[in-house]
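Working notes, beginning with the structure itself.
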Amino acid sequence: MTALLDAPTSAAEPTAAPILQARDLTKSYPLGETTVHALRGVSLSVAAGEFVALMGPSGSGKSTLLHLLGGLDLPTSGEVELAGEVISRLSDDRATRLRRDRTGFVFQSFNLIPLLDVTENIALPFTIAGQDPSRGELAARLGDMIELVDLLGKEHHRPDQLSHGEQQRVAVARALVTGPALLFADEPTGNLDYTTGNEILDALWRSCHERGQTIVLVTHDAKAAAYADRVLVVGDGRIRDTIELGRRADHDATVLIGRLAQLGL
Amino acid sequence: MRGLHALAWRGLRARTLRSVLTMSGVALGVAVLFAGIATDAGIEASVDRTVEGLVGRADLRVAAFGEAGLSPATVEAISATPGVAVAAPAFERRTYLGLDRFGPGDALPAPVTVVGIDPSAELRLHDLTLASGAHLTRLDEPSALVGATLARSDDLVLGSELTIQGPAAPTTVRVVGILAEDDPYAGPTGRAVVMPLTTAQAAFDASGFTRVDVGIAPGTAPSVVVEALEGSLLEEPYVLSSPRELGLAMRASTGDFAATTALIAAVALFAGAFLIFNTLSMTVVERVRELGLLRAAGATRSQVASFILVQAVVIGAVGSTIGIVSGIALATGMAAWIGTVGDVALPGPVVTPEGVLAAFAMGMAVTLAAALEPARQAGRIPPVEALKSRMDLPAARRARLRWLVAVFLLVGVFGLLIWPRAAGDAGLIRALAVYAALLVVALCVPFLLPFLTRVAGLPFIPVARLEERLARASVLRDRGRAAMTVSALTVGLAMIVALGGVGQHARAAAGAWIADVVPGDVLLTSIFPRTVDEGLDDILSELPGVASISPIASFDLAIDGVRVDGAAMVGSDLASDGRFHLVSGERSAALAAIDAGGSVIVPATVAERDGLAVGDELDGTTTNGSVVVLRIVGIAERTLPGDGGEAFVVGWPDAAQLGVAGADAYAVRFAPDADAAARETLADEARSLALDPVPLGRIQGVIGAALDRVFGLFDALALVAIVVAALGIVNTLTMNVFERVREIGVLRAAGMTRRQVWRSVVVEAGVTGGIGAICGIAAGLLIGALMVVLAGGRPDVAIGVPWLSVAVALVFGIGLAMLAAAYPARLAARVSIVRAVGYE
């Protein structure tokens, strides 16, 4: 069920070594007197430098899977190994530090801290780690990020002074600023119009293609998923299919949409 | 409507902790208020009892000036005055019992009060209830009635013999009756010996009378008798008073206490109002969508507003009821702690229906006043709010200064209505000034907030940089709410610091006063006047280590027909001691002039009040009715304390003319090389001469301890206001956490540990507490100085910084605030990231 649809053209291609592995993940929630099985045994592997999209309809379990992969939540059973560490075996503090140092998150609803300005929001992971982001290499990295997301001149704006697209770009910059091993993006374009959404996806793709950033993207939009090297189709708490798209510069979604149609999605 | 009310009730139950906190805030405020009311009622009752004990059924009391007392001619004139039905003369002296049993070096026993009465007249005005035995019958029998306490302490039974030590030979009387335990005639100490008038006078070798109680014939107006007495008593000075005046004088001594308690109650209620306002505002913000839905479904504005008001009524009623019950306990504790207020013994609180009603009404009024603004906000929520995915209600977020002023005024006006009458006008003006100053401080807080937040955050930067940054921003996010929270804390802390300042000044002023006006290190006091003939000066001055002995007498003085406190002192002793300061007049000349006679030194407080100046002449009335002209030779910064203020100081030649029989105290100055043995020798010798040696340090210590007790109580009450404010901090921070759930989730997702989240909330509380402490301390210092100045404090005693109170305010302000953050911080640390980031 795999398909190589386009020849890789990237400068930074995924290497074979997995940076993220999930083994037989399940997740259940009690809901009143019944139990909801959000995930029913998911195993997957993401190689360093790879751009993977998790696709599926609402309620398919894709966001739950992302939360478990990113260590925001713990599985009912199974385990997640991120950068060589099994998250469920770590204490809350160590898991938090792993998240802080090795991952970045972008959420659908921007989720910036309204009290902090653009620079402070981007520098948040450093500040949380007790580092001073106003000096040396960190300051340079901040400047680099602001440039990457095209927010020069707006460094001291507060979130409520920015457009939605700009806010999401700040969120992307914050997720990338530590140079994380993995970037998790949960419907990052869900609240944006078409053009602004594309800007965000372009920025993500550039970071993957040019800097070797590993990305796991959750989306229900085939056009967004078409930026990925590989698409995992989630349904009913399981991975129903894997679609290999390969690294492509044009992000054409036609083939993917066709494949999804074959799957009835 | 019933459905809406049920919804309001469910709203309270849904947030049990918050409802309980708010009710506790109201309860604490009402408790302090009711404790004050019940204590004041207890003081009133105690004053009434004391006055009744003093004068019984007498309508008027004619009291003598000076030791010699009223002459028999005056007593006769009183009896003969038209309208006088009963004139009961009495003679009073203080002495020791059984001095012969005490050896040198023994501490003197507690003195007793000997009262000589005319049994037939006295019993028509006073009950003299007996526990056992029989009443006195004749004027000259060698019998006595004794107080129950004295009988117990001295093992006296019916038939026991008592030796009364007079100035000459001792007199022996037999106990024929013991007064009942609670008979007011035995006085507050219960150590009274009631003897027939003639026997008592003979024992003390006296012929005068201390006072005459007058019973007015039925149908005669007291004013008519007063006028007649004033017309007929021209021979010698006297003080004419009615039970009402005695009561007033006693109440005056409790005024400051009542005023301060009432003020602290107002502050506690004010802090409670902040708590209620914040809680109900929080309810509006949280339920904005629900309330919008109600509006969309057809509920009117007033129905939605009543949703909030019903909650307020429940909070107010439950809180006030609990407050009244706790107030009784608090007042009982206050009475036990304080013992006496001014001259009035405080046996316990008295619960009156009016007091309960006033406290309940105040609790309800403050709660409802605090609820009005949130209720108005709720009524103004547009139905469209219910349709929005995210809620933002600027109106609900902006706390309004005008609301603050309105509640402040309401508490003030209501306070005026139930203001304790004992506090008097001066107390009221002082309290109003302090109250207004607190309002000004509370109004200034929002404007100073950005600067103060930065300052208060400084101590946290080295240990929690990010947390400090977030806390600072969070405090400033909703300035109105932060200002409310801080203001409540500020007024409580300001009271602690202000009371600390006033207490410190009072101690310093009292200490300095005693040290300045007494020319010695030790005061030897006597309960009866010691004449020059006794030669005590010579005996004492020959003792080793004694550098100087200076006799002092305190007496009543009639100046231009008005009773004032008088003191006889030796001018040359004051001149050589060098601490008696004059603000007007030449010191050495003035002191020499009083020794020469015909001169007086007037205390500055009186000179200022009555417009007296050096060179003025005053008429002093002597005991035989003639007049001594006293020329003012100096105005003293302060003089010896008397019963009703500071004393007019005269020399001994004038004192003798004014009827002063002898010294009732000796100031002893030791030589610089005097050792402990010399002091001990003096003490032993003094006791053998029936003089009680009291080192000045001990007098200052006793005054200091009494002040400590009173101010300790005030501090404890003010602390209640701070606890209320701390409850407000719990509420505010909880509200902040609920509003910031998503933000906290993002921070956690970005790598903030639970501990860091916890810390950021605690730091926010610390910053809030720090701002409260800074404002509270600054305001407290200013208000303390204001209180001292308004109370006519000594300008020469610097109003220092009460460091202990400042430290307490700092520790309590910041510490209690951080402690209050424990619960909201735990809530914040437990926020689920997954839920938080999806939280709308």
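A quick yes/no check of all residues on (1) in the same structural domain as B:VAL146 (by TED's automatic domain parsing); (2) hydrophobic (A, V, I, L, M, F, W, C); (3) closer than 14 Å to B:ALA58 by Cβ; (4) in contact with a His (Cβ under 7 Å, 6 or more places away or on another chain):
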residue	(1), (2), (3), (4)
B:GLY187	yes, no, no, no
B:ALA192	yes, yes, no, no
B:MET195	yes, yes, no, no
B:ALA200	yes, yes, no, no
B:VAL212	yes, yes, yes, no
B:VAL224	yes, yes, no, no
B:PRO237	yes, no, no, no
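Is it the case that some residue within region B:462-472 is over 33 Å from the mean Cα position of the chain (by Cα) and either away from chain A (no Cβ under 14 Å) or of a type in the set (Ser, Thr, Tyr) (or both)?
no
Limited to region B:723-751, what total is found for residues that are over 27 Å from A:GLY70 (Cα atoms) and not in a helix (DSSP H, G or I)?
Looking only at that region, the number is 0.
Across region B:588-629, what is the total count of residues that are assigned to a strand (DSSP E or B), at pLDDT below 90 and open to solvent by less than 40 Å² (accessible area, probe 1.4 Å)?
5
State yes or no: is B:ALA725 closer than 19 Å to B:ALA266 by Cα and away from chain A (no Cβ under 14 Å)?
When the stated conditions are applied, B:ALA725 passes them.
Considering only residues that are within 17 Å of B:THR485 (Cα to Cα), open to solvent by less than 20 Å² (accessible area, probe 1.4 Å) and either within 14 Å of chain A (Cβ to nearest Cβ) or in a helix (DSSP H, G or I) (or both), which ones fall in region B:804-824?
Across region B:804-824, the qualifying residues are B:ALA809, B:GLY813, B:ALA817, B:ALA820, B:PRO824.
Collect the residues in region B:558-587 that are β-branched (Val, Ile, Thr), crowded, with 17+ Cβ neighbours inside 10 Å and not in a loop (DSSP other than H, G, I, E, B), keeping them in residue-number order.
Those that are β-branched (Val, Ile, Thr), crowded, with 17+ Cβ neighbours inside 10 Å and not in a loop (DSSP other than H, G, I, E, B): B:ILE559, B:VAL564.
Name the pairs whose Cβ atoms lie under 7 Å apart, with the first residue in region B:554-567 and farther than 18 Å from B:PRO641 by Cβ and touching a residue at least 60 places away in the same chain (Cβ under 8 Å), the second of a type outside the set (S, T, N, Q) and assigned to a strand (DSSP E or B), and 6 or more positions between them or separate chains?
B:ALA558/B:GLY620
Look at A:LEU152 and say whether it is more than 24 Å from B:GLU468 (Cβ to Cβ), open to solvent by less than 10 Å² (accessible area, probe 1.4 Å) and more than 12 Å from every other protein chain (Cβ to nearest Cβ).
no
In region B:630-681, what count of residues is obtained for those that are modelled with pLDDT of 85 or more, in contact with a Ser or Thr (Cβ under 6 Å, 6 or more places away or on another chain) and open to solvent by 60 Å² or more (accessible area, probe 1.4 Å)?
Counting residues in region B:630-681 that are modelled with pLDDT of 85 or more, in contact with a Ser or Thr (Cβ under 6 Å, 6 or more places away or on another chain) and open to solvent by 60 Å² or more (accessible area, probe 1.4 Å) gives 1.
List every residue pair whose Cβ atoms sit under 8 Å apart, with the two residues 6 or more apart in sequence or on different chains, where the first one lies in region A:195-206 and is at pLDDT 85 or above and the second, anywhere, is open to solvent by 60 Å² or more (accessible area, probe 1.4 Å) and assigned to a helix (DSSP H, G or I).
Sorted first by the residue in region A:195-206, then by its partner, the list stays empty.
Starting from residues that are open to solvent by less than 10 Å² (accessible area, probe 1.4 Å) and in a strand (DSSP E or B), keep the ones in region B:144-161 and report whichever is farthest from B:TYR185 (Cα to Cα).
Only one residue fits best here, namely B:ALA144.
What are the residues in region B:448-465 that are at pLDDT below 85 and open to solvent by 10 Å² or more (accessible area, probe 1.4 Å), if any?
B:VAL463, B:ARG465
Please enumerate the residues belonging to region B:745-759 that are under 49 Å from the mean Cα position of the chain (by Cα) and open to solvent by less than 10 Å² (accessible area, probe 1.4 Å).
Matches in region B:745-759: B:VAL757 only.
Which of (1) under 19 Å from B:THR279 (Cα atoms); (2) modelled with pLDDT under 85 does B:THR490 not meet, given it meets every other one?
(2)
Looking at B:ILE699, is it open to solvent by 20 Å² or more (accessible area, probe 1.4 Å) and over 21 Å from B:SER805 (Cα atoms)? Even if it seems obvious, please write down each step before you answer.
Working: open to solvent by 20 Å² or more (accessible area, probe 1.4 Å): yes; over 21 Å from B:SER805 (Cα atoms): yes.
Considered against the rule, which asks whether it is open to solvent by 20 Å² or more (accessible area, probe 1.4 Å) and over 21 Å from B:SER805 (Cα atoms), B:ILE699 comes out as yes.
Residues to consider are B:ARG479, B:ARG507, B:ARG472; find the one that is closer than 18 Å to A:PRO114 by Cα and touching a residue at least 40 places away in the same chain (Cβ under 8 Å).
B:ARG472
For region B:314-334, indicate whether the set of residues that are at pLDDT 75 or above, within 17 Å of the chain's Cα centre (by Cα), open to solvent by 50 Å² or more (accessible area, probe 1.4 Å) and not acidic (Asp, Glu) is non-empty.
Yes - at least one qualifying residue is present in region B:314-334.
Of the numbered conditions (1) surrounded by fewer than 22 Cβ atoms within 10 Å (Cβ to Cβ); (2) at pLDDT below 75, B:GLU236 satisfies every one except a single condition; which is it?
Going through (1) surrounded by fewer than 22 Cβ atoms within 10 Å (Cβ to Cβ); (2) at pLDDT below 75 one by one, B:GLU236 breaks only (1).
For region B:486-499, indicate whether the set of residues that are in contact with a His (Cβ under 8 Å, 6 or more places away or on another chain), in a helix (DSSP H, G or I) and on the phi < 0 side of the Ramachandran plot is non-empty.
Taking every residue of region B:486-499 in turn, none turns out to be in contact with a His (Cβ under 8 Å, 6 or more places away or on another chain), in a helix (DSSP H, G or I) and on the phi < 0 side of the Ramachandran plot.
Restricted to region B:702-738, and to residues that are hydrophobic (A, V, I, L, M, F, W, C) and over 33 Å from the mean Cα position of the chain (by Cα), which residue is most open to solvent (accessible area, probe 1.4 Å)?
Of the residues in region B:702-738, the ones hydrophobic (A, V, I, L, M, F, W, C) are B:702-703, B:705-707, B:710-711, B:713-714, B:716-727, B:729-730, B:733, B:735, B:737-738.
Among the residues that remain, those that are also over 33 Å from the mean Cα position of the chain (by Cα) are: B:733, B:735, B:737-738.
Values: B:LEU733: 6, B:MET735: 6, B:VAL737: 5, B:PHE738: 62 Å².
Here the answer is B:PHE738.
If you go through region A:32-41 one residue at a time, do you hit one that is outside any strand (DSSP E or B), more than 16 Å from the chain's Cα centre (by Cα), among the charged types (D, E, K, R) and at the interface with chain B (Cβ under 9 Å from one of its Cβ atoms)?
No, because not a single residue in region A:32-41 is outside any strand (DSSP E or B), more than 16 Å from the chain's Cα centre (by Cα), among the charged types (D, E, K, R) and at the interface with chain B (Cβ under 9 Å from one of its Cβ atoms).
Looking at (1) touching a Leu at 6+ places or on another chain (Cβ under 9 Å); (2) part of a helix (DSSP H, G or I); (3) within 14 Å of chain A (Cβ to nearest Cβ), can you tell me which one B:ARG755 breaks?
Going through the list (1) touching a Leu at 6+ places or on another chain (Cβ under 9 Å); (2) part of a helix (DSSP H, G or I); (3) within 14 Å of chain A (Cβ to nearest Cβ), B:ARG755 breaks only (1).
The values are calculated or read from the model by the stated rules, or taken from the named source; none is laboratory data. What you see is a predicted model; the values in this text were computed from it and never measured. Neighbour counts run over all protein chains shown; Cβ positions are idealised from the backbone, glycine included. All accessible areas refer to the heavy atoms of the entire protein, side chains included, with ligands and DNA or RNA removed. Shrake-Rupley method; radii C 1.70, N 1.55, O 1.52, S 1.80 Å.
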